[in-house]
Amino acid sequence: MPLIAPAASWLSAVARAGSIRRAANQLNVSPSAVNRQILKLEAEYGAELFERLPRGVRLTAAGEILVAEIQRWQHDHARVLRSLGQLRSMVRGHASIGLMESFGRTVVARLMTHLRERRFQVSLDVTIGGTAQIVEQMAAGTLDLAICYAVPKQPEIEVLAAIQSTPGLVVARGHPLAGRKKIRLADCVDYNFVFPDGSLTSRRLLLNALKRANVHPLGIVTTNSIEVMKMLVREHHQIAVLGLPDVTLDLVDGDLVHIPFADGQLAGTNLSLIARKHVRLSPAATMLAERLKEELARLSG
């Protein structure tokens, strides 16, 4: 049984057409059937709904009130049908993703907002780690998608999207070097570094660049945590070399400054969204892949 009775729909159609005959043609019913419904409504409500004119009909004041209410019902009914359709097509399922620590919190927060706003019923496993750990888990089949730096070529992994990460010197807003537009490694020799450890791909690139520049930094703290690196930069005036995606949110907040290196002294690496090759993604993972492509673009700054 329809929520909106045929009589109400027919009344609205006559009001739009301005004629019982034209409305009947549009509804593919006989004019007499439409007229009987209108007479029945007029009897039920105790008021004339149309003025009968020589060449059609015109709504009375009572008819205008009733038709306005019917149109509101029709609008609400259409909205309900859309909501039910979205519910039927709602993305459901499970997916597992891997992310780097430096941007994992931001990406996961935006993913959860996206899922909640669209009422997607998707459960997530989120692994935070370095490239080696993430790639190992991807190859083992425990991750559907991941974003990480310097992905090694492996036959079972494909790159869905990638951006070039621009390395730079990261300092606190009040650091003596913070006003520089460009910087060279030789300019950093008098400051204390915080280094990534061997689990992060940036360590090898940084050590090679320092060797080529014949720069021997002062006191060094080494860590496998980019969040710890940024804390030491922010609170203890250490300096660090990080890619722009590692500090995007910090730059927005104004805590840190990212200074590009002059003359390409330090080469950047690709930050890539990866998946297992020849493995069909589930609907949930497919939706997340599109969203993670957008997040990857945002991380480029």
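The values are calculated or read from the model by the stated rules, or taken from the named source; none is laboratory data. On a predicted model such as this, the values are computed, not experimentally measured, just so you know. Cβ sites come from the backbone with ideal geometry, for glycine too, and all protein chains shown count toward neighbours. SASA here: full protein model, heavy atoms, side chains in, ligands and nucleic acids out. Shrake-Rupley method; radii C 1.70, N 1.55, O 1.52, S 1.80 Å.
Within segment 234-257, the residues that satisfy the criterion of being in contact with a helix residue (DSSP H, G or I) (Cβ under 9 Å, 6 or more places away or on another chain) and under 18 Å from N192 (Cβ atoms) are R234, Q238, I239, A240, V241, L242, L256, V257. Looking at L256, is it crowded, with 18+ Cβ neighbours inside 10 Å and without any contact (Cβ under 8 Å) to a residue 60 or more places away in the chain? No, not satisfied.
With respect to L39, is the statement that it is among the hydrophobic types (A, V, I, L, M, F, W, C), open to solvent by 50 Å² or more (accessible area, probe 1.4 Å), out of contact with any Cys (no Cβ under 7 Å at 6 or more places or on another chain) and within 20 Å of A68 (Cα to Cα) true?
So L39 fits the description; yes.
Report every pair of residues separated by at least 6 positions or lying on different chains whose Cβ atoms are under 7 Å apart, first residue within segment 217-238 and of a type outside the set (S, T, Y), second in a helix (DSSP H, G or I) and open to solvent by 60 Å² or more (accessible area, probe 1.4 Å). As it stands, the answer is I226/E101; E227/E101, since those pairs meet every condition given.
Results for (1) assigned to a helix (DSSP H, G or I); (2) modelled with pLDDT under 90, shown as yes or no for each residue.
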| site | (1), (2) |
| --- | --- |
| R110 | yes, no |
| T113 | yes, no |
| S123 | no, yes |
| T127 | no, no |
| E136 | yes, no |
| I147 | no, no |
| V151 | no, no |
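Quick check, is L177 outside any helix (DSSP H, G or I), buried (at least 20 other Cβ atoms within 10 Å of the Cβ) and in contact with a Cys (Cβ under 9 Å, 6 or more places away or on another chain)? No, not satisfied. Residues satisfying the criterion are absent from segment 104-127 (criterion: touching an Asp or Glu at 6+ places or on another chain (Cβ under 8 Å) and more than 15 Å from R291 (Cα to Cα)).
Taking segment 155-174 as the range and being out of contact with any Pro (no Cβ under 7 Å at 6 or more places or on another chain), over 28 Å from S123 (Cα atoms) and surrounded by fewer than 18 Cβ atoms within 10 Å (Cβ to Cβ) as the test, the residues that pass are P155, Q164, R173, G174.
Would it be correct to say that I183 is β-branched (V, I, T) and either touching a Ser or Thr at 6+ places or on another chain (Cβ under 6 Å) or open to solvent by 70 Å² or more (accessible area, probe 1.4 Å) (or both)?
Answer is no for this residue.
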